[in-house]
Amino acid sequence: MIIDAHAHFDLRSIRSGGTVADFERNGVEMTVGFVMDLISEREPGVPEHWTRLNKEIAEVARVSGGKVIPFCTVHPEDGDAALAEIRRSVCEDGIRGIKLQPYSGLYLTCTESLARLSALAGELSVPVFFHCCFQPYVTPAQIAFLAKAFPGTTFLLGHSGWNNEWPVAKAVARRFSNIVLCTSGLNFGAIGELVRTCDTDRIVFGSDFPCGGAHSEWYEMEKIREHRFGAEIERKILGGNIARLLGVGGAVDE
Amino acid sequence: MSRIIDAHVHIGSGRRKNQTPEQLLGAMDALGVDMAVICPVDEQIAVDNVQGNDLVIDAVHRYPDRLVGLAVANPWYGQRALAELERALAAGLRGLKINASLQGHWVDDEMMDPLIDLVRQYNGHVYVHSGTPDYSMPFEICELADRHPQVNFIMGHSGNIDVFWVHALEAGKKPRLQNVFFDPSHISFLDEIKDFVENLGVDKVIFASDSPAGSMRLELEKLRMLGYGEDILSAITGGNMERILGLSPGR
């Protein structure tokens, strides 16, 4: 089963049927879904904003017939309200993970707020997916501090540091077994080196769909397939690993 | 129909990139790529410039109809860099490859100027890695290009080593520098490539793969998926580069 570990949705697009058709055309059967509106993470202090967005992504998952695996998002500096919203989303709406974009929200990963959020994610057994690249606030080394402090929480590195910081993502993934690397945006050679040198149970395919249009998801998949890693590794990266991590598609995380 | 020319490929044996000229030619043959512009790899870009340039000189002498070479010269070597660049250009290389983040300087540092001026004297072009803060960013590359209007610059990856293709696009517009061209290698959001074509002009976008860090097949295929007609596609995949290299148009 091919599962895209990094995609964005809103209700309008999912109701049109176009987005589901796009990823099905690429052979993707399920996809992790984040809200589209991450830019507005700039504004803490309006926790109800996140509740509205999180209810929307939960509804996206329902409308998709279970093909979209919903992740919630919050502004961690909303403190107790952010934690309450995560707990509500997971317990009431079937949210399966937390998506954070610190460079949009302009918050650090080394704060007490992020520590409490990471602890809660571990308690609820949901992973934290960070947008992770060169930008301030979201480098692999910054996220690694959380991974070290919270070994019971899984941290997904979206873009794995992108094409500047991926060697650091590689280094921290080799140190911390609770770090999972996502391939979206990485160049072909970087993907090859990560697969050769890191635990292939902790590398997942992601596209950042629908950014760049439907062909972008094809391009992201082909960068993996072009390597001809072999059927077992390809199966894990293209869906098996994220299925196991999230307990979807019949997979169980042992 | 224009040749298909890959404007940026590495040969040599480095920490991360490994490719022989023969492996490269095999890939080109399989994909119908007529020519490639080659440069050294990794540590040979950073420090072992002479070793890297010798490999490239040897390759272009052995395959003169298929390979064009760019030299490397770390500007921190000062006069030695200038002498090495002159040696490589005199031996038949066609310009300079800059990776300021590997070489450890700001891309628009004034110590680059003598090297660029030497490239101008040899009627060559410059290929510049872009998208790695702080050293090698689009606006700074355009500043360097603006100081050297007689030299053509190709902005490698159009800032997309991270999310800086927006910088590249805006830097290309304001002011619209006639001597800066954009390579869309590694751009994952394929619609962004259309933004370059439609905002900067079809004559400004140039196919390059960054092989072996990029897949030549995928970088070529993604351009074909943009939905452009043969005229536009042909300009991007080779026509524009033919002009930069001073080749007569067509196969």
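The values are calculated or read from the model by the stated rules, or taken from the named source; none is laboratory data. Fair warning: this is a prediction, and the values are worked out from it, not measured in the lab. Cβ placement follows ideal geometry from the backbone for every residue including glycine, while neighbour counts extend to all protein chains displayed. With ligands, DNA and RNA removed, areas are computed over all heavy atoms of the protein, side chains included. Shrake-Rupley method; radii C 1.70, N 1.55, O 1.52, S 1.80 Å.
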Return the tail of the calculated pair distribution for region B:56-138, meaning the percent of Cα-Cα pairs more than 21 Å apart.
27 percent
Mind listing the long-range amide H neighbours of B:H125? Cut-off is under 5 Å, sequence gap 5 or more, other chains count too, H placed in the peptide plane at 1.01 Å from N.
B:G95, B:L96
Could you compute how much accessible area chains A and B hide from each other, both sides summed, with a 1.4 Å probe? Nearest 100 Å² is fine.
2200 Å²
Approximate spin-label separation B:D231-A:C91, in nm, with each point projected 7 Å along Cα-to-Cβ:
6.5 nm
Of the accessible area of region B:1-58, computed with a 1.4 Å probe and all protein chains kept, carbon and sulfur make up a percent value of 51 percent
For A:S184, distant residues with modelled amide H under 5 Å away
A:H159, A:G206
Averaged over B:217-223, how many beta carbons belonging to a partner chain fall within 10 Å of each residue's beta carbon?
3
At 0.692 mPa s and 37 °C, plugging the Kirkwood radius over alpha-carbon pairs of region A:16-89 into Stokes-Einstein gives what diffusion coefficient in µm²/s?
250 µm²/s
Report, largest value first, the span of the C-alpha coordinates of region B:93-150 along each principal axis, in whole Å.
30, 21, 17
Of all accessible surface on region A:45-188 at a 1.4 Å probe, what whole percent is carbon and sulfur?
55 percent
Simple spin-label model, 7 Å along Cα-to-Cβ: A:R116 to B:F139 in nm?
3.8 nm
Okay, helix-only estimate at 222 nm for chain B: each DSSP H run of n ≥ 4 adds -39500 (n - 2.57), divide by all residues, round to 500 deg cm²/dmol; what do you get?
-11500 deg cm²/dmol
For the modelled label position 7 Å from the Cα of B:E110 along Cα-to-Cβ, which residues of region B:140-166 have backbone nitrogen atoms closer than 19 Å?
B:140-149
Out of the DSSP beta bridges found with both residues in the protein assembly as shown, what percent are antiparallel (nearest 5)?
5 percent
State the antiparallel share, in %, of DSSP beta bridges confined to region B:100-251, rounding to the nearest 5.
10 percent
Can you list residues whose amide H is under 5 Å from A:G33's amide H, if they're 5+ apart or on another chain and H is modeled 1.01 Å from N?
A:I69, A:F71
Counting only protein heavy atoms, probe 1.4 Å: which residues of region B:157-177 lose 40 Å² or more of accessible surface in the full assembly compared with their chain by itself?
B:I161, B:D162, B:V163
How large is the Kirkwood hydrodynamic radius of region B:1-103, counting all unique pairs of alpha carbons, in Å?
13.6 Å
Solvent exposure of chain A as accessible area per residue, Å², 1.4 Å probe:
37 Å²
Looking only at region B:1-153, where both bridge partners belong to it, what percent of the DSSP beta bridges are antiparallel (to the nearest 5)?
20 percent
Per residue of region B:3-20, in order, report the coupling 6.51 cos²θ - 1.76 cosθ + 1.60 (Karplus, θ = phi - 60°) as ³J(HN,Hα) in whole Hz, putting x for Gly and Pro.
4, 9, 10, 8, 7, 7, 9, 10, 10, x, 10, x, 4, 10, 10, 9, 6, 8
Label 7 Å along Cα→Cβ of A:S177; region A:111-126 residues with amide nitrogen under 12 Å?
none
How much of the pair distance distribution for region B:126-199 lies past 15 Å, counting alpha-carbon pairs only, in percent?
44 percent
Among A:G152, A:G239, A:G213, the residue with the largest mean-square fluctuation in a Gaussian network model of chain A built from Cα contacts under 10 Å is A:G213
Projected convex hull area of region B:84-182, Cα atoms, direction-averaged, in nm², equals 5.6 nm²
Paramagnetic reach from B:R87 in region B:99-119 [backbone N under 16 Å; point 7 Å along Cα→Cβ]
none
Which value results for Rg/Rh of region A:200-254 when Rg is the Cα radius of gyration and Rh the Kirkwood radius based on the inverse mean 1/r?
1.01
For B:K173, go through the lysines and keep the ones whose alpha-carbon is under 21 Å away, minus same-chain ones fewer than eight residues off.
B:K194, B:K204
Just round it to a whole percent: the fraction of Cα-Cα distances in region A:48-89 exceeding 12 Å.
56 percent
A student asked for the Cα radius of gyration and Dmax of region A:1-128 in angstrom ought to give 14.4, 43
Within chain A, how many Lys pairs sit with Cα atoms under 17 Å apart, leaving out pairs fewer than 8 places apart on the same chain?
4
What does the extension gain come out to for A:D199 and A:R12, with contour length at 0.36 nm per residue minus their alpha carbon separation?
63.5 nm
Mind pulling up the Rg/Rh value for region B:72-118? Radius of gyration and Kirkwood radius, both on Cα.
0.93
What one gets for region A:173-236 as the Kirkwood radius, inverse of mean 1/r over different Cα pairs in Å, is 12.2 Å
Volume per residue, Å³, of the convex hull around the alpha-carbon atoms of region A:34-192?
104 Å³
From zero outward in steps of 10 Å, how is the percent of C-alpha pairs of chain B spread across the bins?
8, 36, 40, 16, 1
For the protein assembly as shown, what is the convex hull volume of its Cα atoms per residue in Å³?
138 Å³
Return one whole number: the accessible area per residue of region B:42-132 in Å², for a 1.4 Å probe.
40 Å²
Förster radius 45 Å - calculated FRET efficiency between A:F145 and B:E221, Cβ distance, rounded to 0.05
0.70
